[in-house]
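Below is one structure, written out as structure tokens; comments come after it.
The values are calculated or read from the model by the stated rules, or taken from the named source; none is laboratory data. Computed from a predicted structure; not experimentally measured. Note that we place each Cβ from the backbone using ideal geometry, even for glycine, and neighbour counts take in every protein chain shown.
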Amino acid sequence: MSTSAVVLDIDITRTVSELNTLGDADTALVLFRLHGRPLGWGAASVVGGRVDRAALIRQLLEQHAWSCALALTERALQNGAPPKTLDLTGMLQSPPQDSNSGPLVTVAVCSTTPAARLESSLESLQRLAYSPLDIVVIDASDDRARVERLVSERFPHMRYCGAPGGNAGADAAPRCAVDECRGDILAITDGEAIVDPRWVSKLANIFLADPDVMTVSGLVLPHQVQKPFRATLPAGAPFCREWSRVGLESGSTESWLQQVLNRTSANVALWRPGRGSSASHTHVFEPAAIVRSQRPTLTPHAVRRVSIRETERAFDLADGVRAIADATAFDGVTLQVAWQGRPIGTAHIPHRGAIVSPLWVADAIAQQLTAEILDARLGVGEHVCRALLTADLARFVLTRNPLSLRGPITAARPRTSSAA
């Protein structure tokens, strides 16, 4: 019996097709996604190379329907008002309009991978839905002649750069990537990674939304995992965008950059990496920026301070989501959120003296007050909101994937939202 599981992903807005040719794996671990954004995990047996669709759809409806509520809440904040109805179907049928262009992005493939395995990674970079792009292969492998030939013959629009050989080459490759960076953004991955088509777009959009963001990391999915699975999978349900403040540990911009590069995984981006950094900056984990690799995800080091100075700000959704620029003397700000003067709840942002961008504010409110905002105009309570949303999702999914499900489908238990 196989001790490994193949890792797949399914966008719930599309038909769940029969998934075949899954090799020797007896189990499939599936990341459910909504218009590309990750929602949560499901697992199903594989028999004859085919995944049990009924088991996956049951898990989606029973365990992850409420994960869709976060996206619905974000859309309500964009509209400046709580929803009149929980129209999940409308959101499922209308994908967000993300930008596919922006500043020049240099994608650096820091690789110790031989040419035979590198080709699939470079092919995935050709499917990136973003422009303009500058792609450079930083080669620290022992297969340099073949890798250089592969790049020049199969991928002539990419650049080739050799790094020092051996273990020193693997360590020096990120530094070479900084030296080779021609863009305002440097996105780093490795030669084993298969990148999502929206990977660069998701990274770049964060930099464009907040000028204080200097580093962004994304979600890294393994190609395949060994049992037991849980310890090797990135957690989430829902996967939330996370904001933190990162500081220099030794007071030097050069050493800070080296610390970032030493922790670099297959999925991290830096803003103008060779042009200096302030003593502290904002780091964002963007789970919608996805690559498949075996490297761990970058874990930022937050600024730690002994004194915690708090302040409050009133925030009415009818006025739109705006930046908070007058709380830089404080470590945290508590938002008293209302709509047209009617209180909804409170949201806390540990901003550590930063200017809080509109996107940061929106994320904090949406994540911490999901149920309160969705129910602000309905007034039916969180349990009913969950049931309505689950029923709406069931109609949408089962219309596209008709099958016989045994037993009742119930809404997941209410979960207490964590602070952003």
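Condition first: buried (at least 17 other Cβ atoms within 10 Å of the Cβ) and within 23 Å of Ala81 (Cβ to Cβ). Now tell me which residues in the stretch 346-359 satisfy that.
To start, the set of residues in the stretch 346-359 that are buried (at least 17 other Cβ atoms within 10 Å of the Cβ) comprises 347, 349-352, 354, 356-357, 359.
Within the stretch 346-359, Ala347, Ile349, Val356, Ser357, Leu359 meet the criteria.
Condition (residue is among the polar types (S, T, N, Q), surrounded by fewer than 20 Cβ atoms within 10 Å (Cβ to Cβ), touching a helix residue (DSSP H, G or I) at 6+ places or on another chain (Cβ under 7 Å) and closer than 25 Å to Leu31 by Cβ) applied to the stretch 99-121: is it met by at least one residue? It would help to see each step written out before you state the result.
Kept after step one, since they are among the polar types (S, T, N, Q), are these residues of the stretch 99-121: 99-101, 106, 111-113, 120-121.
From what's left, surrounded by fewer than 20 Cβ atoms within 10 Å (Cβ to Cβ): 99-101, 120.
Narrowing the set further to residues that are touching a helix residue (DSSP H, G or I) at 6+ places or on another chain (Cβ under 7 Å) leaves 99-100.
Next, from what is left, pick out any that are closer than 25 Å to Leu31 by Cβ: 99-100.
Yes, some residue in the stretch 99-121 is among the polar types (S, T, N, Q), surrounded by fewer than 20 Cβ atoms within 10 Å (Cβ to Cβ), touching a helix residue (DSSP H, G or I) at 6+ places or on another chain (Cβ under 7 Å) and closer than 25 Å to Leu31 by Cβ.
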Study note, to complete from the structure: For the stretch 89-103, the count of residues that are touching a residue at least 60 places away in the same chain (Cβ under 8 Å) and of a type outside the set (D, E, K, R) equals 9
Study note, to complete from the structure: Just one listed residue, out of Arg377, Arg395, Arg352, Arg322, is in a helix (DSSP H, G or I), among the charged types (D, E, K, R) and modelled with pLDDT under 95, and it is Arg395
Point to revise | Members of the stretch 28-53 found to be closer than 20 Å to Ala387 by Cα and of a type in the set (A, V, I, L, M, F, W, C), listed by number | key: Phe32, Leu34, Leu39
Check your understanding: Looking at (1) within 22 Å of the chain's Cα centre (by Cα); (2) modelled with pLDDT of 95 or more, can you tell me which one Val337 breaks?
Key -> (1)
Check your understanding: Do any residues in the stretch 43-69 that are within 12 Å of Phe32 (Cα to Cα) and at pLDDT 90 or above have Cβ atoms under 9 Å from those of residues that are part of a helix (DSSP H, G or I) and among the polar types (S, T, N, Q), where the two are at least six apart or on different chains, and which pairs are they?
Key -> Leu61/Thr390; Ala65/Thr390
Revision key, fill the gap. Flagged in the stretch 106-137 as touching a Gly at 6+ places or on another chain (Cβ under 9 Å) and under 13 Å from Ala193 (Cβ atoms), in numbering order, are Val107, Val109, Cys110, Ser111, Thr112, Thr113, Arg117, Leu118, Ser121, Leu122, Val137
Check your understanding: Looking only at the stretch 60-84, which residues are among the basic types (Lys, Arg) and over 17 Å from Phe396 (Cβ atoms)?
Key -> Lys84
Check your understanding: Between residues in the stretch 361-374 that are closer than 10 Å to Cys240 by Cβ and at pLDDT 95 or above and residues that are assigned to a helix (DSSP H, G or I) and among the acidic types (Asp, Glu), which pairs lie under 6 Å by C-beta distance while being six or more apart or on different chains?
Key -> Ala366/Glu74
Exercise for review: Output the strands (runs of 3 or more DSSP E) that fall wholly within the stretch 29-144 and possess 2 or more residues being assigned by TED's automatic domain parsing to the domain that holds Arg159, or say none.
Suggested key: 101-111, 131-139
**Study point:** Among the candidates Ala163, Ala129, residue that is surrounded by fewer than 18 Cβ atoms within 10 Å (Cβ to Cβ), among the hydrophobic types (A, V, I, L, M, F, W, C) and touching a residue at least 12 places away in the same chain (Cβ under 8 Å)
**Key:** Ala129
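Yes/no per residue for (1) in a strand (DSSP E or B); (2) farther than 19 Å from Arg37 by Cβ:
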residue: Cys176; (1), (2): no, yes
residue: Asp179; (1), (2): no, yes
residue: Arg182; (1), (2): no, yes
residue: Ile188; (1), (2): yes, yes
residue: Ser201; (1), (2): no, no
residue: Ile206; (1), (2): no, no
residue: Thr215; (1), (2): yes, yes
residue: Gly218; (1), (2): yes, no
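Residue by residue through the stretch 362-386, note down the ones that are out of contact with any helix residue (DSSP H, G or I) (no Cβ under 9 Å at 6 or more places or on another chain) and either buried (at least 20 other Cβ atoms within 10 Å of the Cβ) or among the polar types (S, T, N, Q) (or both). Walk me through it before giving the result.
To start, the set of residues in the stretch 362-386 that are out of contact with any helix residue (DSSP H, G or I) (no Cβ under 9 Å at 6 or more places or on another chain) comprises 364, 368, 377, 379, 383-384.
Result: Ala364, Gln368.
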Review point. Of everything in the stretch 122-164 that's modelled with pLDDT under 95 and of a type in the set (S, T, N, Q), which residue is nearest to Ala204 (Cα to Cα)?
Key: Ser131
